[in-house]
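The values are calculated or read from the model by the stated rules, or taken from the named source; none is laboratory data. Bear in mind that the values here come from a model prediction, so they are computed numbers and not experimental data. A quick note on method: Cβ atoms are made from the backbone with ideal geometry, for glycine too, and the neighbour counts reach across all protein chains shown. Calculation scope for accessible area: heavy atoms of the full protein, side chains included, ligands and nucleic acids excluded. Shrake-Rupley method; radii C 1.70, N 1.55, O 1.52, S 1.80 Å.
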Amino acid sequence: MNSIIEFIQQPWPWYVAGTIIALVMFTLLYFGNSFGLSANFRNMCSMFGGGRSCEFFDFDWRKQTWNLLFLAGTVVGGFIAHQWLMPDATIAISDATIADLKELGIANPGVGIAPEEVFSFETLFSLKGIIIFVVGGFLVGFGTRYAGGCTSGHAISGLSDLQPASLVAVIGFFIGGLIMTYLLLPHILTM
Amino acid sequence: MKFIKYIFLGILFGITLTKAEVVSWYRIYEMFKFQSFHMYGVIGTAVVLGIIITQIIKRTKMKAISGDPIVIPAKKFSIPRYLIGGAIFGLGWAMTGACPGPMFILLGNGVFVILVAIAAGLFGTFVYGKIKHKLPH
């Protein structure tokens, strides 16, 4: 029993996570649904009354209740893991990543789940924070709906079904991600 | 009560993405810098198993719990929609370090600043809905 608890408390290896993600996708298909988290942004827009002014949100979001509850479950899962299953919040990123981030002004890369220089309310009310959270969040919401899916819908579900559209979408994810990481983020982080 | 299974599935997903550090901003930065195999391992394992699962579903004509056949809707192919939309999402993903699922999981982890990104994401989706007919698809 102790070894099971010990295993759960360690960071989980990639193959464990990948396997569980595939099983979650399968279970949702078996329940007659599909695996796609970003659809919930649209569901919520509809739930908050977006259908009154926009046709795109004029649908019966109640039929998506299962997806909204799945999403609510993920919040609870994050809480459970954070409260009871994470004895230490150090992310074992590579030495090269640590060196790169130090150069960009992140003092303790890998300590905590995200850099405190970025993920704080103090930063949030600065230009840097507004760009990262407001502009960044907007791009995620706009881009996922434009592309018709995010990591779960395209990179996992779509590629699993060998859909060409999803391959194009994933290439798009990387074009945007690489431009941000190599060209823009160094300037944003050092603001 | 028929919905409770979705909550449990979500809890499993949230625990897994937290425990495997997929929700960490650092892991996304590291992935886009190609400095670790970790994220490629997570997504790669899920896709390889996903391909096998999807093939089994199709070849055995597996039925869902309701008795209806499992259908995986095909996405209508086009280049601009997926490439431009995908790149816009990629820009935001690399900046916030979180795609839509992890944004909510981070909330459970007590990272409350991410609420601002979630609100902005909702607004982004709303603006897309408003101007979608003007965009190339």
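Brief remarks follow.
- Among complete DSSP H helices in chain A, those whose alpha-carbon atoms stretch at least 27 Å along the helix's long axis and whose mean Kyte-Doolittle hydropathy reaches 0.0 are A:65-84.
- MRE, 222 nm, helices only [DSSP H, n ≥ 4, -39500 (n - 2.57), over chain B, to nearest 500]: -22000 deg cm²/dmol
- In order along the range B:39-53, the Karplus-derived 3J(HN,Hα) couplings, from 6.51 cos²θ - 1.76 cosθ + 1.60 at θ = phi - 60°, round to 5, 5, x, 4, 5, x, 4, 4, 6, 4, 5, x, 5, 4, 4 Hz, and Gly and Pro are given as x.
- Counting only protein heavy atoms and a 1.4 Å probe, the range A:118-191 has 36 square angstrom of accessible area per residue.
- Heavy-atom accessible surface that A and B bury in contact, both chains counted, 1.4 Å, Å² to 100: 10300 Å²
- Solvent exposure, largest accessible area first (probe 1.4 Å, DNA, RNA and ligands not counted), of B:Ile56, A:Ile156, A:Ile8: B:Ile56, A:Ile8, A:Ile156
- Rounded percent of accessible protein surface that carbon and sulfur make up, the range A:118-191, 1.4 Å probe: 80 percent
- Point-charge dipole on Cβ atoms (K/R +1, D/E -1) for the protein assembly as shown, about Cα centre, debye to 20: 1420 debye
- Residues in the range A:152-182 that a label on B:Ile56 would reach, taking backbone N under 17 Å of a point 7 Å out along Cα→Cβ: A:157, A:160-162
- Globularity ratio of chain A, using Cα Rg and 2.2 N^0.38 Å: 1.18
- Comparing A:Cys54, A:Gln9, A:Leu69 along the charge dipole axis of the range A:1-87, the residue lying farthest to the positive side is A:Cys54, per the Cβ-charge model.
- Both radii come from the Cα set of the range B:10-91: Rg as radius of gyration, Rh as Kirkwood radius; their ratio Rg/Rh reads 1.05.
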